[in-house]
Amino acid sequence: MRRNDRPRGPSISAAIAALTALVACAPARAQTIVEAQRATPSSGGEAANAIDVALGGESSSLAALREVEAAPAVVRVAVTATGAASSSPADQPLDPARLRMPEILQRISPSLLATAERYRADRRSRRTMRGWYRDAGRFRQRIEQWLRAENVPAELLWVAAAESGFNAHSESSAGAVGLWQLMPDTARSYGLRVDAWVDERKDPDKATRAAARLLRDLRARFGAWELALAAYNMGYGALLRSMRRFNTTDFETLAATEGGLPFETARYVPRIMSLALAAANPQAFGLDDVTAEPAIAWEDVSLSRSVPVDAMARGLAIDARELRRLNPSVLGARTPIPADATRPFVLHVPVGATARVDGALAAIPNVPLRTTRLRWGESIAELAAAYGLGARALLELSGLPAEHRVTGGTELLVPDRAPTPVADTDRPLVLVSPVTSPPPNRRRVFYRAGVGDTVRDVARALDVTRDELVAWNQLDPSARVPAGLWLQAWVSRDPTQARVRTLANVDAAERGTDTAAERVAAQDGRVRLIVTVRSGDTMGSLAARYGLTTGSLSRINLRSRHATLVAGEPLVVWVTPDRAERERVREADLPRGDTSSTIPTSRVASVDNATPTTTPASRTAPASDPQPSVAPSVESTQAPSRDRPATAERPSADRAAHAP
């Protein structure tokens, strides 16, 4: 008989009911059923035969099963559903009424129950949960101790599991670091030190206390741990906006509403709650057989000076790698310079090593060094030159690698001698934004941004507001400040935390003017000329005639490469000095009144005068600024033309003022 023509037997549910009755009669043989099922029979009838044999012929209740084509999985489900496959609580459905509830959990919501069941049933999720439960042993005792000391529930330990998997060195692409994945500004606001020497977000004790205070504050603000955890993940402001937008204070409602929460946050909170529930009920989640990793133990000692880590390890008679493992927050080869005399650096040493610390410190030579603070806008090379050192040698004194990023405000070790001031030998070109009404009674200065600078940092160093700095320099408030960018500011007193220049030490030109464009072209080793288009000229032919690429000519003139040119219209070209001289000679050889000239006479300048140095003072500085002596610019040596008055500089709004 074909499969499709076979009479339909009892339903699967009937087969399961038969198995249930059978197991109820013979509970002692349930394991034998499972072993028979593992033989992987190909049909329900074969499964029934296998179970029949295993039970020694007691199979009258399996008649229905023999009539059903059932996959082996059906047998497995049937046996599991009766509770006969295993007596382990981890294999039984969760009964919320019998679970021990952690302090942070006030209810078992559907999303929490689903997540908890996934940690029990899904093989991959179960393996992850067991791994976290095992790894928690390294820090669990200390973390729970510090959490209780900050008056928050110890179950918040599992936030660190979800954030970093208990890896103190964990770093996210967004810049979050450590067990608790704290961002730099958040860490500093909660008392952690984050600089070139040390990142206390990696210190298990200090980071735990900071995270505990943050979570406590979020709980006080939102009133529920679910919302506090959501804010920890997505940000305080973002959660507050979402609550107002969707007009609810219930996490489950937000998580179930379209656009209510980020997907990760909607999963993040049930994940932590499930881990806390599992830790409180290890048997129900199959964790009772997990062996936790040994706890990492240490003792704390206070250091009033910076010392080499390797030398300290030798003095303590321990492996330097062990000392570094206990102090993941130390970033360089030396312990950090103490913040001040009242706050020495706390070093973690192995248990029993405290008694050897004084001897170890006495054995380390006290090299004559002193500390100095790198000013904002000052490079390592400039600071090193003041002490007669190279940049690498200066960083080695502080135990920092050459590739280490050091920002303004960082304390460094330098030789114990007075620095030699290094004079500015260059006069850089600085294109500035026009400022029509500079603040009165202030002095104009110029600041060169360093690596890692932010607008907020620079404004603080110059003692001006962030909004002022943005307005004076036409900055995008959300954009990063690249190293090497020059910023102008008007300060009420000389900055002590920043290295700045005055107008006399820079070549300032107002962005968007002909003078600024000429300076940029000269910086590129070229002369800026304005030529007249002839009949038949194209962007490509003009570019070839003047030694440019079509792309460069297009960029200079803000015109498409394929633009149609009209005879007689002007275009700007940047040419080499020798080509500019040839054009000048050619212009001089043309008969007066000849209209075939490609360069208007009034726009041709001698190459000797083609390298300007500064813009007219009336366009670059307020009356209160000192007026430096200036050399005449290209335009200033030319006779006035019909479209360019002799007494005013023509704006170059329709020209690009940057090098091709």
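The values are calculated or read from the model by the stated rules, or taken from the named source; none is laboratory data. Not measured: the values here are computed from a predicted model. Every residue, glycine among them, receives a Cβ derived from its backbone with ideal geometry; neighbour counts consider all protein chains shown. Side chains included, ligands, DNA and RNA excluded: accessible areas come from the protein's heavy atoms. Shrake-Rupley method; radii C 1.70, N 1.55, O 1.52, S 1.80 Å.
Here are some notes:
- Between D95 and R559, the contour length at 0.36 nm per residue exceeds the alpha carbon distance by 159.8 nm.
- Once the mean of 1/r is taken over each pair of separate Cα atoms and inverted, the range 178-251 shows a Kirkwood hydrodynamic radius of 13.0 Å.
- Here the range 151-310 is assigned +1 on the Cβ of each Lys and Arg and -1 on the Cβ of each Asp and Glu. Its dipole about the Cα centre then comes out at about 760 debye.
- Rolling a 1.4 Å probe over the protein heavy atoms leaves Y133 with an accessible area of roughly 40 Å².
- Extended-chain gain in nm, criterion 0.36 nm per residue less alpha-carbon gap, V290 and E569: 92.2 nm
- Global size of the range 338-470 as Cα Rg and Dmax, reported in angstrom: 20.1, 69
- Note on T407 and L485: with the Förster distance fixed at 22 Å, the Cβ-Cβ geometry gives a FRET efficiency of about 0.90.
- Residue-count net charge about L323 - beta-carbon cut-off 15 Å; Lys, Arg +1, Asp, Glu -1: +1
- The largest-to-smallest principal axis extents of the Cα set in the range 297-381 are 45, 25, 25 Å.
- Across the range 174-189, rounded Karplus estimates of 3J(HN,Hα) from the backbone phi angles (6.51 cos²θ - 1.76 cosθ + 1.60, θ = phi - 60°) give 7, x, 6, 9, x, 3, 9, 6, 8, 7, x, 5, 5, 4, 5, 5 Hz, Gly and Pro being marked x.
- V152 sits with roughly 10 Å² accessible to a 1.4 Å probe, with DNA, RNA and ligands left out of the calculation.
- With R₀ set to 56 Å, the beta-carbon distance separating R534 from I364 gives a calculated FRET efficiency near 0.10.
- The range 525-551 and the range 111-151 have Cα centres separated by 69 Å.
- Evaluated over the Cα positions of the range 263-346, the convex hull gives a direction-averaged projected area, one quarter of its surface, of 9.5 nm².
- The modelled label-to-label distance for the pair V585/R148, using points 7 Å beyond Cα in the direction of Cβ, is 9.3 nm.
- Computed FRET value (nearest 0.05) for E171 with A114, which takes r as the C-beta separation and R₀ as 35 Å: 0.70
- If you take the Cα centroid of the range 189-266 and the Cα centroid of the range 444-481, the two points sit 29 Å apart.
- Counted charge near E382, where neighbours are those whose Cβ lies closer than 11 Å (Asp, Glu -1; Lys, Arg +1): +1
- With DNA, RNA and ligands ignored, accessible area of M243 (1.4 Å probe; Å², nearest 10): 30
- Per residue, the range 170-229 exposes 36 Å² of accessible surface when a 1.4 Å probe is rolled over the protein heavy atoms with every protein chain present.
- 19 Å reach of a label modelled at A386, 7 Å along Cα-to-Cβ, counting backbone N of the range 475-497: 484, 493-497
- Solvent exposure of the range 422-503 amounts to 54 Å² per residue of accessible area, where only protein heavy atoms count and the probe is 1.4 Å.
- Computed on the Cα atoms alone, the convex hull of the range 206-294 gives a volume of 120 cubic angstrom per residue.
- Translational diffusion of the range 231-275, µm² s⁻¹ [Kirkwood Rh, Cα pairs; Stokes-Einstein; 20 °C; 1.002 mPa s]: 203
- Full-extension gain in nm, S478 to T253, via 0.36 nm per residue minus C-alpha separation: 77.7 nm
- Phi angles of the range 132-143 translate, via the Karplus equation with coefficients 6.51, -1.76, 1.60 and θ = phi - 60°, into HN-Hα couplings of 5, 4, 5, 5, 4, x, 4, 10, 4, 4, 5, 4 Hz per residue; Gly and Pro are given as x.
- Per residue, the range 247-317 exposes 44 Å² of solvent-accessible protein surface, assessed with a 1.4 angstrom probe and all protein chains in place.
- Isotropic mean projected area of the C-alpha convex hull, the range 99-145 (nm²): 4.1
- Accessible area ranking (1.4 Å probe, heavy atoms, ligands and nucleic acids excluded), largest first, for T515, T372: T372, T515.
- Accessible area of the range 199-266 belonging to carbon and sulfur atoms, whole % at 1.4 Å probe: 47
- J(HN,Hα) series, the range 342-353, from Karplus relation 6.51 cos²θ - 1.76 cosθ + 1.60, nearest Hz, glycine and proline x: 8, 10, x, 7, 9, 9, 8, 10, x, 4, x, 8
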